[in-house]
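The values are calculated or read from the model by the stated rules, or taken from the named source; none is laboratory data. All values reported here derive from a predicted model rather than from experimental measurement. Cβ sites come from the backbone with ideal geometry, for glycine too, and all protein chains shown count toward neighbours. In case anyone asks, the SASA skips ligands and DNA or RNA and just uses the protein heavy atoms, side chains included. Shrake-Rupley method; radii C 1.70, N 1.55, O 1.52, S 1.80 Å.
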Amino acid sequence: MVKILLISLLSMTTLFSSDVLTLYKSGGKKLLDRQMNTPTYWTGSLFNKDLRFGYFERTFSLLACSKEKGVLELYTPDAQKRFSLKKRYSAFTGKNAGDKSVAGDLKTPVGIYTLIEKKRRVDPFYGPMAFVTSYPNLYDRIRGKNGAGIWVHGVPLSGTRDPFTKGCIAINNNDLIQLDQTINPSNTLLIIDSSLKQGIEPSAYSAILAGLYQWKYAWTYNDLDAYLSAYDSSFKRFDGMSFAQFKAYKERIFSKSETKTIALDHLNIIPYPGEKRNLFWVTFNQLYVSDSHKFEGEKSLLVRLNANQSISILTEE
């Protein structure tokens, strides 16, 4: 009896797999892709997720700096991508309050950054070492911000120092050495704000995920109007291309009506720090294959979640 039941279940599984494969090959792929375009599709996948800092498919260690509180906190993820506070450090930040905008304004920037370099040899004023941040990031650059050299560093090896920096983040030297031993800089995000954004509703992430897959769907199936509707009229690409220029560029590409394969994975959505609560930093790995072009690499977008739960892309790289 058990053997007969097992054979029946195997037959049903084979039939189901065959039906799905037939559906997929006969145009069902489009139907399956379309399912991902609705917030309800994503609601279940967000259940019991740790969304305090954002939606993460790829895990990072997080350094969260509160300029207002004068602290730098290290959060690390477990196997379920749930973050726990590993260490809290006292931190000095820029002499002047507010978001950095120009070189020499003595302000620490507000934003999301990566650690792009670890400097082992620095002037003794900066302690034993330093991490170089990615300021100015894409969003900073399209807003015309400038300046450089925003580091996470230590304090002078001898003598005293002021209780502020020229815009960097400074922590105790022993803490800096411990931090260096704990993190992988290439897999660490730095979020800087006067106070961290938490408490974003899961429905916001469902809406953004749906919007991103609507954008991908329109791109895949050559629906130019739907594709462009995902972009804000103020859009500016990383190279300075305006929305009008970007539209003309995409019109030429879409007119070829090429068959495309587009895949997104390791998608992360992080609330962008600052005054506005509806901006999100989105990163993912993208595979794009068409008849004439292939791209595989990391993409970054800044998106706004609108009142009607649609998204608007403000910049991309």
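Quick one: in the range 40-65, which of the residues that are assigned to a loop (DSSP other than H, G, I, E, B) and of a type outside the set (A, V, I, L, M, F, W, C) is most open to solvent (accessible area, probe 1.4 Å)? If we take residues in the range 40-65 being assigned to a loop (DSSP other than H, G, I, E, B) and of a type outside the set (A, V, I, L, M, F, W, C), then 48 is most open to solvent (accessible area, probe 1.4 Å). Looking only at the range 219-239, residues that are touching a Ser or Thr at 6+ places or on another chain (Cβ under 8 Å) and under 17 Å from residue 256 (Cβ atoms) come to 2 in all. Would you please name the residue that is most open to solvent (accessible area, probe 1.4 Å), looking only at residues in the range 284-301 that are touching an Asp or Glu at 6+ places or on another chain (Cβ under 7 Å) and hydrophobic (A, V, I, L, M, F, W, C)? Result: 287. Pairs linking a residue in the range 152-176 that is open to solvent by 60 Å² or more (accessible area, probe 1.4 Å) to a residue that is part of a helix (DSSP H, G or I) and not aromatic (Phe, Trp, Tyr), with Cβ atoms under 8 Å and 6 or more positions apart or on different chains, are 157/124; 157/173; 158/124. The single residue among 207, 226, 263 that is under 25 Å from residue 42 (Cβ atoms), assigned to a helix (DSSP H, G or I) and within 22 Å of the chain's Cα centre (by Cα) turns out to be 207. Cβ-Cβ distances below 8 Å connect the following pairs, each with a first residue in the range 32-52 that is over 21 Å from residue 220 (Cα atoms), a second residue that is at pLDDT 90 or above and open to solvent by 80 Å² or more (accessible area, probe 1.4 Å), and a separation of six or more residues or different chains: 50/82.
Hey, any hits in the range 307-314 for a residue that's touching a Ser or Thr at 6+ places or on another chain (Cβ under 9 Å), part of a strand (DSSP E or B) and surrounded by 13 or more Cβ atoms within 10 Å (Cβ to Cβ)? So far as the range 307-314 goes, yes, one or more of its residues are touching a Ser or Thr at 6+ places or on another chain (Cβ under 9 Å), part of a strand (DSSP E or B) and surrounded by 13 or more Cβ atoms within 10 Å (Cβ to Cβ).
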